[in-house]
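**Q** Got a structure for you, written out below as C-alpha cells; questions coming shortly.
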Amino acid sequence: MSCRKAILLLFYSHWILAAILPATTCPAQEYKTLHINPFPKTADTIAIREKIKTAIKLKYTDWESAEQLLDEALYLSKRNNSKNTITPLLQIGAVYYEKGHYVKALGIFRDALRFTEQHPHTPEYISKIYVCIAGSFFSQSVYDSAIFYTLKSLDQDPSGKASSYPNIAMIWIDLNEYDKALQYLKEAEGMLSEIRELSDKERVTSQINLGLAIAYAGKKEWEKGRHYALKVINDKAIYPSYISNAHSIIGYIYLFREQPEPAKAIYYLKKTLSIGHGNTNLFINTHLNLGVGYMFLNDEVV
C-alpha cells in the first residue's frame, strides 16, 4: 500500500468518525468521551454502552476480546430494535473500520440504514449513515459506490457539500485524477463560510489543505504541495493525525522531487513518527520512506 493510500484511509477514518460523533468530540482522542444519543436507560442499553466503551479501550491491545464485546453489543443493539439502535450500530461499525475490517463495517452501516426504514430519522442523520457507507466502499477501492453514496448523502443533506466535496476529491486523487480533485477542493474552499460550527470548519479546512497538498504532490508541483502541508502544520490542525500526515507529505516531497533532499525528508518523516497519530499503514510506509531517505543520504556521503 502506498504512503498516499495510507493517508487517504486515515482521512476517510476521520470522515466517518466526524459523521458519527458530535462536533465537540475529537476522533483523534480515541473516543475519550463516548457519546450515545439520549434514550431511556435499560439493562440492554447500559450493557451496550459499557461493552462498546470497553472494546474501544481494548481494540489495540486485545482485539480478540474487543471483537467479542462488539459482537455482544451488536446482538443487544439489534435485539433492542428501536430508534436508538442506530447510534451504537454506527459506533460499532466505526471501530471495525478503524481496525481495517471494512467489509464487516460496511455490513453494520447497512444494518443501521435498514433500521431507519423501520424507525424514521432526520435527513441529516441518514446523510451521516450514507457517509459511513461511502467511506467503507472507498477503503475497498470500490470508487463508483463511494461516489454514489457520497452523492446520496448530499441528497439527504445538501448543506453538507462543503464537508463532502473534500471526500469526493480524495476518490479522484486515488484514481490519479488530480485536476478533478483540485476542482472539488477549490469548490469546498469557497463554501467554508457555510459551515456554522467552528470545530467543523477547522476540520474541513485541514482536510482541504491536506487534499491540496496530496493533489499537488501527485502532479509533481512540489512547492505547492509543501505550501499546503505547511498550512496544516502552522494552523495547528484540530486533529494531531492531520499534522502527522502533513509531515509525512512533506517528507515524501523532499524524498521524491527532482532534486531530493534526504536530510530534510528524514527530519519530517521522523516528526510523523514522533507525533504518533495515524494508522498502521501510515507508520509502515513512513518507515519504508525513512529507509529510502537513509540510502540517499549514504549515497551523498559516499
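**Q** I'd like to know if the range 219-231 contains one or more residues that are surrounded by fewer than 24 Cβ atoms within 10 Å (Cβ to Cβ) and among the hydrophobic types (A, V, I, L, M, F, W, C).
**A** Yes, the range 219-231 contains a residue that is surrounded by fewer than 24 Cβ atoms within 10 Å (Cβ to Cβ) and among the hydrophobic types (A, V, I, L, M, F, W, C).
**Q** Right, another one. Within the range 257-272, is even one residue of a type in the set (Phe, Trp, Tyr) and either at positive phi or at pLDDT 90 or above (or both)?
**A** Yes, the range 257-272 contains at least one residue that is of a type in the set (Phe, Trp, Tyr) and either at positive phi or at pLDDT 90 or above (or both).
**Q** Let me ask you something else. When the residues of the range 237-278 are filtered to those that are in contact (Cβ under 8 Å) with a residue 60 or more places away in the chain, in a loop (DSSP other than H, G, I, E, B) and in contact with a Lys or Arg (Cβ under 9 Å, 6 or more places away or on another chain), which remaining residue is farthest from Lys201 (Cα to Cα)?
**A** The selected residue is Tyr239.
**Q** Go through the range 26-72 and give me each residue that's modelled with pLDDT under 55, surrounded by fewer than 17 Cβ atoms within 10 Å (Cβ to Cβ) and part of a loop (DSSP other than H, G, I, E, B).
**A** Glu30, Lys32, Thr33, Leu34, His35, Ile36, Asn37, Pro38, Phe39, listed by residue number.
**Q** Right, next: Would you mind telling me which numbered condition in (1) on the phi < 0 side of the Ramachandran plot; (2) outside any helix (DSSP H, G or I) Asn176 fails?
**A** (1)
**Q** Here's a follow-up. Answer yes or no: is there a residue in the range 187-201 that is in contact with a Leu (Cβ under 7 Å, 6 or more places away or on another chain), buried (at least 16 other Cβ atoms within 10 Å of the Cβ) and of a type in the set (D, E, K, R).
**A** yes
**Q** Right, Ala112: more than 19 Å from Tyr149 (Cα to Cα), part of a helix (DSSP H, G or I) and in contact with a Leu (Cβ under 9 Å, 6 or more places away or on another chain) or not?
**A** no
**Q** To continue, here is another question. Just to be sure, is Lys99 among the basic types (Lys, Arg), at pLDDT below 85, farther than 26 Å from Glu197 by Cβ and under 19 Å from the mean Cα position of the chain (by Cα)?
**A** So Lys99 passes the test.
**Q** Name the residues in the range 138-159 that are farther than 18 Å from Glu117 by Cα and crowded, with 23+ Cβ neighbours inside 10 Å, would you?
**A** Listed by number, the residues that qualify are Phe138, Ala146, Thr150.
**Q** Continuing with the same structure: Among what's in the range 131-158 and is of a type in the set (Val, Ile, Thr) and either under 23 Å from Thr87 (Cβ atoms) or part of a helix (DSSP H, G or I) (or both), pick the residue that is nearest to the chain's Cα centre (by Cα).
**A** Val131
The values are calculated or read from the model by the stated rules, or taken from the named source; none is laboratory data. Predicted, not measured: the structure shown is a model, and the values here were computed from it. As a convention, Cβ positions derive from the backbone with ideal geometry for all residues, glycine included, and neighbour counts pool all protein chains shown.
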